[in-house]
Amino acid sequence: MTMAMAGGREHVELIRNRVVLKEFSVHNVHTTDFPGNYPGYDDTWSQRRFEKNFRIDILQMEEDTLEFDMIGIDAAIANAFRRILLAEVPTMAVEKAFIYNNTSIVQDEILAHRLGLIPIKADPRLFEYRSTGDEEGTEIDTLHFHLKVRCTKNPKALKDSSDPEELYLNHKVYSKHLKWVPIGNQADLFGQVEIRPVHNDILIAQLRPGQEIDVVVHCVKGIAKDHAKFSPVATASYRLLPEITLLGPVEEELADKLKQCFSPGVIEVETVNGRKFATVVNSRLDTCSREIFRHDDLKNLVRLGRVRDHYICKYMLWFEGGLF
C-alpha cells in the first residue's frame, strides 16, 4: 500500500510539474495545480510562497543580447515580461522628418519611413516625453539629426570601370551620415555622451551623380505601444526548460546512437571499466526534436519533458540605452 501511494504521488508530481513529450502527443499541457484538485496539496495562492519560489537567473547580458531564466512562475507572467520589454520600455526614435531636398529615386514617404526605423543610441532616461501638441520640441525632449549627402562622379575612376564603388562618390547613404545637431544646452549636457545611430552601416538610399538628400529629423521619447519604431527588442522569446531522463542504462552501440539523436552537447558517452554509457550532460541545449522516437530500441529508454515553471527567456536588442 505504501509503495502504491508513493507511486501515485510520484505520478501526480509528474502531472503537476512536467510537460511530457510522447511520440504522437504532448501530455500534461494544462495547468492543474488549482485549489482542491489534488488531495493533500495546498494550492491556494500565497504571496509568501511565490516570493520564496520565484527566481531570476541572468545567464548572458551583453550589448545586444539578454538571456535569463525565470523560475517559479507560469506562462502568463513569463509572457507579461515579454510584452513589457516589447511594448513598454521607452526609447528614442525619429518622429518627424523635414525633407528639404530629395532627388533620389526613393519617395519622400518611404525615405521618412526608413529614417524612422533607424535605432538611435541615446539614453531615454535623460529625456522627457514631448508634450501633446508641441510641434517644435525643446532640448529636454527632442534630438535633432541632419542628413545631407550629395553624389558626385569620381574623377580618379578608371575609364573602363563599371563598378559603382569606383565610379561614384557618396553613392550610398548610410545611417552613419546622420549627424547629431545639439539644440539649446545639449552640447553641455551630453557633451561626454555619444549620441548617434546604433549601427553605422544601415543603408538608407542609393544615389547617382547629381542626386542629393537633405533631411533634418526630430527624435523623441516614446514606447512601442504607440508605434513599433520605439521597440527596443528585435527578437523576444521564451521556452520551457527541457528535461531528459534516462529510464535505464544505455550502453555500448546504443549509447552512441542515443547521442546522435540529440543536439550537440546534450548527451555524452562515458567509458567506465571498458564499457560505454550514455549520460545527460546539458538538457538545456535540446531542441525537443523527438528524433528518439524514430528508433524502437531507444524510445522506451528515455523520457522527454519540460519543466513547467522554468522559462528560458532570450531577447535580442537592437538599441543601446535604458533597458538595463
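Distance between the modelled labels on E166 and D214, one decimal in nanometres: 3.3 nm (7 Å Cα→Cβ projection).
The loop-placed GluC sites (Glu not before Pro) in the stretch 179-250, going by DSSP, that have at most 16 neighbouring Cβ atoms within 10 Å of their Cβ come out as E194. Simple spin-label estimate for E51 and R83 gives 2.6 nm between the two label positions (7 Å along the Cα-to-Cβ direction from each Cα).
Amide H contacts under 5 Å for L317: T65, L66, A234, restricted to partners 5 or more places along the chain or on a different chain, H placed in the peptide plane at 1.01 Å from N. In a fully extended conformation the segment linking R9 and N273 would gain 91.4 nm over its present Cα-Cα distance, using 0.36 nm per residue.
Within the same chain, lysines fewer than 8 places from K257 are excluded, and of the rest, those with a Cα less than 20 Å from its Cα are K22, K276, K299. Please build a GNM for the chain, connecting alpha carbons under 10 Å apart, and tell me which residue among K314, K52, K225 fluctuates the most. Highest fluctuation among the options: K52. Counted by Cβ distance under 14 Å from D226, the other residues give a net charge of +2, where Lys and Arg count +1 and Asp and Glu count -1.
If a/c stays under 1.5 just call it rounded; otherwise compare a/b with b/c (prolate if a/b is bigger, oblate if not). Do that for the stretch 37-128, with a ≥ b ≥ c from the square roots of the Cα gyration tensor eigenvalues. Intermediate values should be presented prior to the final figure.
Values: a/c = 3.73, a/b = 3.10, b/c = 1.20.
Judged from the Cα gyration tensor, the stretch 37-128 comes out prolate (a/c at least 1.5, a/b above b/c).
Taking every Cα-Cα distance in the stretch 169-262 and sorting them into 10 Å bins from zero, the calculated P(r) comes out as 10, 23, 22, 12, 10, 13, 9, 1 percent.
Find how much the distance from N185 to L246 grows on full extension, using 0.36 nm per residue of separation minus their present alpha carbon separation; answer in nm with one decimal. Intermediate values should be presented prior to the final figure.
Values: separation 61, 0.36 × 61 = 21.96 nm, distance 6.57 nm.
Taking N185 through L246 to full extension adds about 15.4 nm, to one decimal.
Are there chymotrypsin sites (Phe, Trp or Tyr not before Pro) in the stretch 26-102 that DSSP puts in a loop and that have at most 12 other Cβ atoms within 10 Å, and which ones?
W45
For the stretch 155-200, the set of trypsin sites (Lys or Arg not before Pro) satisfying both a DSSP loop assignment and a count of at most 16 other C-beta atoms within 10 Å is given as K156, K159.
Distance between the C-alpha centres of the stretch 112-159 and the stretch 235-272: 50 Å, rounded to the whole angstrom.
Remind me, relative contact order of the chain in percent, using alpha carbon pairs under 8 angstrom and six or more residues apart?
So the answer I get is 25 percent.
In order along the stretch 15-32, the Karplus-derived 3J(HN,Hα) couplings, from 6.51 cos²θ - 1.76 cosθ + 1.60 at θ = phi - 60°, round to 5, 6, 10, 10, 9, 9, 9, 9, 5, 10, 7, 10, 9, 6, 6, 7, 6, 10 Hz, and Gly and Pro are given as x.
Each Lys or Arg adds one and each Asp or Glu subtracts one; over the other residues with Cβ under 9 Å from the Cβ of Y41, this totals -2. Taking 7 Å steps out from each Cα toward its Cβ at I58 and N37 produces label points 3.4 nm apart.
Tell me whether the stretch 1-73 comes out rounded, prolate or oblate; compute the Cα gyration tensor, take square roots of the eigenvalues as a ≥ b ≥ c, and use a/c under 1.5 as the rounded threshold. Walk me through the numbers before you get to the answer.
On the way: a/c = 2.66, a/b = 1.58, b/c = 1.68.
The shape class here is oblate.
Full extension of the chain between F24 and V307 yields a length gain of 99.9 nm, computed as 0.36 nm times the residue separation minus the alpha carbon distance.
Under a Cβ-only charge scheme (Lys and Arg +1, Asp and Glu -1), can you give me the dipole magnitude of the chain about the Cα centre, in debye to the nearest 20? Intermediate results must be reported in sequence, preceding the final value.
Values: 41 positive and 48 negative charges, 73 e Å.
That gives the chain a dipole magnitude of about 340 debye.
How much net charge surrounds N282 when only the other residues with a Cβ under 12 Å from the Cβ of N282 are counted, with Lys and Arg +1 and Asp and Glu -1?
Values: positive: R284; negative: E243, E268, D286.
Spelling it out: positives minus negatives among the neighbours equals -2.
Let me make sure I get this right: for the stretch 149-214, a, b and c are the square roots of the gyration tensor eigenvalues over alpha carbons, sorted descending. Under 1.5 in a/c it's rounded, otherwise prolate if a/b > b/c, else oblate. Which is it?
Values: a/c = 3.25, a/b = 2.80, b/c = 1.16.
The shape class here is prolate.
Separation of the alpha carbons by more than 28 angstrom is noted, of K96/K314; K52/K314; K121/K153, for K96/K314; K121/K153.
Couplings 3J(HN,Hα) for the stretch 245-252, derived from phi with the Karplus relation 6.51 cos²θ - 1.76 cosθ + 1.60 (θ = phi - 60°), are 10, 7, 7, x, x, 10, 10, 6 Hz, where x marks Gly and Pro.
The numbers here are math on the coordinates, done by the rules we state, and not lab data. Since this is a predicted model, take the numbers as computed values, not measurements. As a convention, Cβ positions derive from the backbone with ideal geometry for all residues, glycine included, and neighbour counts pool all protein chains shown.
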